[in-house]
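Step one of this worksheet: look at the structure below.
The values are calculated or read from the model by the stated rules, or taken from the named source; none is laboratory data. Values in this document were obtained by computation on a predicted structure and should not be read as measured data. For neighbour counting, all protein chains shown are included, and Cβ atoms are generated from backbone atoms with ideal geometry for every residue, glycine included. The protein model used for the area step is the full one, side chains on, heavy atoms only, and it has no ligands, DNA or RNA in it. Shrake-Rupley method; radii C 1.70, N 1.55, O 1.52, S 1.80 Å.
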Amino acid sequence: MSDFSPLAVPVAPDTPEACGFVPCEGGVCAASGISAAGVSAGFRRNPERLDLALVTAEEPCVAAATFTTNRFCAAPVTVSRAHVADGRARAVVLNSGNANAATGEPGLACAERACERVAAELGCAAEDVLVCSTGVIGVPLPWEPYEAGVPAAVAALAPSAAGAHDAACAVMTTDTVPKEVSIAGEVPQVGGGTVTVHVGGFVKGSGMIQPNMATMLAVLATDAPLTAEAAREALRAAVGQSFNKVTVDSDTSTNDTCILLATGVAGGEKIDLSHPAYPVVAAAVRAACVELARKIAADGEGSTKLVTVTVTGAATDEDADTVARAIANSPLVKTAIFGHDANWGRVAAAAGKCGVPFDQYAVDIDFLGVPVCRAGLTVPMDEEDMLRRFEAPEIPITVNLGMGEASTRVWTCDLTHDYVTINGDYRT
């Protein structure tokens, strides 16, 4: 073992406890005023798999969303972007098994018609319904599953953990587990006292993961009385430090959508950007997103390890992010982790190739919490000890560039034989 101490890692306030929130039950339905359901509508060949999710508010409420920047964006992205422009929504309908991407005017018509079908069942305007799809690209999305599935989903709606769980299961594609979060905490009021606020949600995503806006498909809800501007800013900031810090395979989906509904049912004063409760609620939304983002990386296609790459000492935030992504996306780094090989030279090479200027003799690297490089030179390590450390479910890699004060954190996973198998057989 070396005589060097492990690098200090800046701790961001991105856990529920850090912002005064604690885990609670309910998933997306933890937020008062939210109901959810998941049913088998026939989008998939397997009738045992849930494939249509519906999340609703009791009435149109504040809504915000972020969407993929992929120029091959799917029809539901186009429709939902237009519908949420007014900062309001009543429901979100999501299907798995078919992305409704690269489907032209028929795809747009199907997405609009899905909103109309949900609106007719709920008694609201079609513009108050948002629509999401995930699955195979370039295949026409059939209408028939909506015709029978939407009424079934409306009938199954429940403001319960069970309804939330079914919705989370219905959007899964290559995901191996549903991914949910729900937290609760007290937020201050200008007039004194506090109000209990909940934040909950679910996400799907396992492959084609390197978002550049949000995540694959995510629905979040809070009962905090946020204004539309506050909801947009809270979601934008949360996405930037959570879903936009995840990479499984460096590919950005055509369908990425992240939606936040704010029902206001918790009561209390309206929370705008200047309200003292805003930073607390925004931190809670971020904490929920970070937890979901980590679950995406941990469930990366074929993965066996969650990998956390932390870069500190960068000259700028952009430099920190570029270096962190270069390391997180390196096939050589990812395969070394799969092989339980603490080959820090691959980390150094990935950092050095990405175009960010730094002095190699100022760089320090820790692998699995163990100093392996100081001032650009190797630090002897105990290989047997490193093998034992690889038994942990999360593998930390920390790099200090020695160039400034900026830092970031990116989540990824290892690269395994199963990733190739899953994606080689995806359509066949």
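Quick notes on this one:
- For the stretch 315-337, there are no residues whose amide N sits under 14 Å from a probe point set 7 Å from the Cα of Glu384 along the beta carbon direction.
- Relative contact order of the chain: 19 percent, from C-alpha pairs under 8 Å at least 6 residues apart in sequence.
- For the chain, share of DSSP beta bridges that run antiparallel, in % to the nearest 5: 70 percent
- Dipole moment magnitude, nearest 20 debye, the stretch 115-217 about Cα centre, only Lys, Arg, Asp, Glu C-beta charged: 300 debye
- Heavy-atom accessible area per residue - the stretch 139-193, 1.4 Å, Å²: 39 Å²
- Amide H contacts of Lys179 (H built 1.01 Å from N, under 5 Å, at least 5 apart or other chain): Val203
- Within the stretch 244-331: Cβ-based charge dipole about Cα centre, in debye rounded to nearest 20 (Lys, Arg +1; Asp, Glu -1): 300 debye
- Phi-based couplings in Hz for the stretch 90-100 (Karplus 6.51, -1.76, 1.60; Gly and Pro marked x): 10, 8, 10, 10, 9, 10, 10, x, 8, 7, 6
- Candidates per GluC sites (Glu not before Pro) in the stretch 251-304, loop by DSSP, up to 16 other Cβ within 10 Å: Glu269
- Working note: 222 nm ellipticity from helices only, DSSP H runs with n ≥ 4, each -39,500 (n - 2.57), summed and divided by the residues of the chain, gives -9500 deg cm²/dmol to the nearest 500.
- Shown is the FRET efficiency for Leu377 and Leu108, computed with R0 = 56 Å from the Cβ-Cβ distance and rounded to the nearest 0.05: 0.45.
- Under-27-angstrom lysine pairs by C-alpha in the chain, whenever the two are 8 or more apart or on separate chains: 18
- Here the stretch 323-351 and the stretch 107-165 have alpha carbon centers that stand 42 Å from each other.
- Mean Kyte hydropathy of -1.0 or more with a Cα span along the axis of at least 15 Å, helices from DSSP in the chain: 104-122, 144-156, 228-240, 278-298, 317-328
- Dipole magnitude for the chain: about 560 debye, using +1 per Lys or Arg Cβ and -1 per Asp or Glu Cβ, origin at the Cα centre.
- Among Ala362, Ala37, Ala91, residue whose mean-square fluctuation peaks in a GNM of the chain (springs only between Cα atoms under 10 Å): Ala362
- Across the stretch 256-264, rounded Karplus estimates of 3J(HN,Hα) from the backbone phi angles (6.51 cos²θ - 1.76 cosθ + 1.60, θ = phi - 60°) give 3, 8, 10, 10, 10, 9, 10, 7, x Hz, Gly and Pro being marked x.
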